[in-house]
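The values are calculated or read from the model by the stated rules, or taken from the named source; none is laboratory data. This structure is a prediction, so every number in the text was calculated from the model and none was measured. Please note: Cβ atoms are built from the backbone with ideal geometry, for glycine as well, and neighbour counts cover all protein chains shown. The accessibility values were calculated without ligands, DNA or RNA, using every heavy atom of the protein model including side chains. Shrake-Rupley method; radii C 1.70, N 1.55, O 1.52, S 1.80 Å.
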Amino acid sequence: MADITIASITLPACYDKAQNLSNLLRWMENAASHSAQLVVFPEQILQGYLRDTLAWDADTVAWQFEQAETIGTSESIRLLVEQAKRLNLLVVFGMTERHPQHAEVLFNSAVLLGPDGVIGVYRKVHQPGDEKHVYYPGDDFPVFNTPLGRIGMLICYDKVFPESTRELALKGADIMIMPTAWGYGGDGSAGDADPMVESYTLFGRVRALENQCWMIESNLCGRHGNLLYHGHSRIIDPLGNIVADSGTQEGMALANVDIGGAIRRARSTAYLGYHFLKDYVPVNAPPSPLTVHNRHASGGQHE
């Protein structure tokens, strides 16, 4: 596997789909001019993310329903594929997806596309706060073969749960890609000392290291709705090292990397010779009263 150049973009989102799409096309052009072959964009960058994750808002729900697109008929995706074909790029971006048969069913999705069209779609499994009132959850962590390596996707809150990336790694992912809308916990005055920025950094580096895989993160920046986003789109290597960081403003994390070579080193000699996936023993935990999923599955009956 030859070296590849990856660009992870930090962008502000707005509640203007045409403007957001224009920004995606512009940054694809910019990344390609720096020899990028894979370009990653944030969560919900096409339609804009929820105004708040801790308060229900009817206007936000109405906006997402009005602006959602079905993958197979999406005009936005058609334009992005055209651009990807012209620039010979693979692209991952976040959007509100409408179910092809059920118009009332929306997903918070990440789309992987290239010069020949859509390669795969991931629907966010773990839903924080008010996302539960807008989107249906996904139920799988698929991995897709591409010319640049095997790519798996997750979105934002999924990163908190180690099983998400472990499933991708066990399915053979070389590159784990995470579009996100990860905000400050406060007003941003603490900068990188903000606890939400610190947890973002911790989770990202650990998920890369514990799976000895590449982790690519793309985040929003600036004020969007009631939330303030800190950027820091990143490229993290299989030892948990941050190879490139966009900073907190609109910009690009860019790196030329040896995907396969770095994984082989991480899993052979670089970490005391330990290959974590080889040594992994699956844990068959019993149903727990602490998880909503298990409470629903068992009818809420727990000792």
Report the extension gain between ASP187 and ASP52 in nm, rounded to one decimal, defined as 0.36 nm multiplied by the number of residues separating them, less their alpha carbon distance. 47.2 nm
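Relative contact order, percent, of the chain when contacts are C-alpha pairs under 8 Å separated by at least 6 residues?
Numbers: 685 pairs, mean separation 59.1, N = 303.
Value for the chain: 20 percent.
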Round to a whole angstrom and tell me the spacing of the C-alpha centers of segment 14-89 and segment 183-241. 20 Å
So, taking all protein chains as they sit and a 1.4 Å probe, how much accessible area belongs to GLU198, in Å² rounded to tens? 110 Å²
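Charges only on Cβ, +1 for Lys and Arg, -1 for Asp and Glu: so what's the dipole of the chain about the Cα centre, in debye to the nearest 20? Don't jump to the answer; show the numbers that get you there.
Details: 23 positive and 34 negative charges, 154 e Å.
The calculation lands at about 740 debye.
Calculated from DSSP H runs of 4 or more alone, at -39500 (n - 2.57) each and per residue, what is the 222 nm mean residue ellipticity of the chain, nearest 500? Can you show the working numbers first?
Details: 8 runs with 84 residues, N = 303.
One gets -8500 deg cm²/dmol as the mean residue ellipticity at 222 nm.
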At 7 Å along the Cα-to-beta-carbon direction for both VAL160 and VAL105, put a label point, then send me their distance in nm to one decimal. 2.5 nm
Return the distance in nm (one decimal) between the two label points of a simple spin-label model at THR70 and ASP116, each offset 7 Å from Cα along Cα→Cβ. 2.5 nm
Which lysines, on any chain, are close to LYS159 with Cα under 29 Å apart, when same-chain ones fewer than 8 places away are left out? LYS17, LYS124, LYS132, LYS171, LYS278
Proximal aspartates and glutamates to LYS85, defined as alpha-carbon separation beneath 18 angstrom and excluding residues fewer than eight positions away on the same chain: GLU29, GLU75, ASP116
Ordered by residue, what ³J(HN,Hα) values in Hz, to whole numbers, does segment 239-250 give under the Karplus form 6.51 cos²θ - 1.76 cosθ + 1.60, where θ = phi - 60° and Gly and Pro are x? 9, x, 7, 7, 7, 8, 9, 6, x, 9, 9, 3
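Please give me the summed charge of the neighbours of PRO137: other residues whose Cβ is under 13 Å from its Cβ, Lys and Arg +1, Asp and Glu -1.
Working: positive: ARG123, LYS124, LYS132; negative: GLU97, GLU131, ASP139, ASP140, ASP158.
With Lys, Arg at +1 and Asp, Glu at -1, the net is -2.
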Candidates LEU79, LEU209, LEU90; GNM for the chain (alpha-carbon contacts under 10 Å) flags as most fluctuating LEU79
With N residues in segment 32-191, what two-decimal value do you get for its Cα radius of gyration over 2.2 N^0.38 Å? 1.04
Go ahead and set up a Gaussian network model of the chain, Cα springs under 10 Å, then flag whichever of GLY72, GLY117, GLY240 fluctuates most. GLY72
For segment 167-178, Karplus-derived ³J(HN,Hα) couplings (6.51, -1.76, 1.60; θ = phi - 60°; whole Hz; x for glycine and proline) come out as 4, 4, 5, 5, 7, x, 4, 8, 10, 9, 10, 10
Percent of accessible area on the chain owned by carbon and sulfur, 1.4 Å probe? 53 percent
Once amide H atoms are placed 1.01 Å from N in the peptide plane, what residues at a sequence separation of 5 or more from MET153, or on another chain, have their amide H within under 5 Å of its amide H? ILE177
Springs between alpha-carbon atoms under 10 Å, Gaussian network over the chain: tell me which of TYR122, TYR274, TYR136 tops the mean-square fluctuations. TYR274
Using 0.36 nm times the number of residues separating ASP140 and ASP3, minus their current alpha carbon distance, what extension gain do you get? 46.4 nm
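What number comes out for accessible area per residue over the chain if the probe is 1.4 Å? Units Å², please. Present the calculation step by step, with values, prior to reporting the outcome.
Values: 13280 Å² over 303 residues.
Normalised by residue count, the accessible surface of the chain is 44 Å².
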For segment 106-120, just list the computed ³J(HN,Hα) in residue order, Karplus coefficients 6.51, -1.76 and 1.60, θ = phi - 60°, integers in Hz, with x standing in for Gly and Pro. 10, 10, 8, 10, 10, 10, 9, 9, x, x, 9, x, 6, 8, x
